[in-house]
Ligand SMILES: NC(=O)c1ccc[n+]([C@@H]2O[C@H](COP(=O)([O-])OP(=O)(O)OC[C@H]3O[C@@H](n4cnc5c(N)ncnc54)[C@H](OP(=O)(O)O)[C@@H]3O)[C@@H](O)[C@H]2O)c1
């Protein structure tokens, strides 16, 4: 059975917005979350035009209580079949050098890792009771080996990956699929703020097609592009000093977000 009720966080931009559009259609209910009301409503409207029923929720995924209560309310109205925890932020070290600072580091872990858990955890007891459902978490190739100029982002995405892998093993006996997505660069407002090399970068449409294929097949992992992931894994397996030098030479900075 194709999913009928689909939750997407980060639906107001980039990947989340693209996934919402891709799954929008007759008979589908989309629960779309983001913080920016205008952008979220524009995506919601587009999805309605494609035939989907849409409920848009303006939430900060870091606010566990308010967001969790809304999730349970929506799940009671229509049981959620498929969850895309796609909301994320990126930052890095200042262009002039030096560390990221605690505020930026915490902000990334709060949104990318805790925000993902705030999305998934409230729904798990319901999915387990139903013996059905699928959870998709969005990690990054940055989570395979810490990037020198974006350590907290790397840490948050390594956490997402480890959580997703563990969760999949835990939930398989209940009939719940967990897909861990490990993407490299794809073209979104997040990558617009990245100033530096973007090896093997693909279009948003290409990334969405690859993710959708993997999710529809309930695959355990979607890792794309593979060569970038292999490069990161190889750097992690090398002696630390060599891996560190490679990471230091991979120079970039990330312009501040909204
Ligand atoms: N782009 C890449 O190359 C790339 C590569 C690997 C992994 N990823 C991951 O893919 C996911 C999507 O990234 P993207 O490139 O599509 O970025 P994007 O265009 O900047 O979109 C990020 C989305 O996350 C939402 N968001 C951010 N902080 C939030 C918060 N505290 N509460 C609720 N929503 C929040 C934003 O909503 P508002 O703007 O409405 O707040 C927006 O909808 C992220 O998890 C990112 O880390 C991206």
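The values are calculated or read from the model by the stated rules, or taken from the named source; none is laboratory data. Note that this is a predicted model, so its numbers are computed, not measured. A quick note on method: Cβ atoms are made from the backbone with ideal geometry, for glycine too, and the neighbour counts reach across all protein chains shown.
Okay, residues lined up against (1) away from the ligand (no atom under 12 Å from the Cβ); (2) in a loop (DSSP other than H, G, I, E, B); (3) at pLDDT 95 or above; (4) more than 18 Å from residue 178 (Cβ to Cβ):
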{"position": "48", "(1), (2), (3), (4)": "yes, no, yes, yes"}
{"position": "51", "(1), (2), (3), (4)": "yes, yes, yes, yes"}
{"position": "66", "(1), (2), (3), (4)": "no, no, yes, yes"}
{"position": "71", "(1), (2), (3), (4)": "yes, no, yes, no"}
{"position": "88", "(1), (2), (3), (4)": "no, yes, yes, no"}
{"position": "107", "(1), (2), (3), (4)": "no, no, yes, yes"}
{"position": "119", "(1), (2), (3), (4)": "no, no, yes, no"}
{"position": "125", "(1), (2), (3), (4)": "yes, no, yes, no"}
{"position": "128", "(1), (2), (3), (4)": "yes, no, yes, no"}
Qualifying residue in the range 27-37 (condition: part of a helix (DSSP H, G or I), farther than 23 Å from residue 131 by Cα and in contact (Cβ under 8 Å) with a residue 40 or more places away in the chain): no
Test: residue in the range 1-24 that is within 16 Å of the ligand (Cβ to nearest atom) and loosely packed, with under 15 Cβ neighbours inside 10 Å: no
Any hit, the range 74-83, residues being in contact with a helix residue (DSSP H, G or I) (Cβ under 7 Å, 6 or more places away or on another chain) and part of a helix (DSSP H, G or I): yes
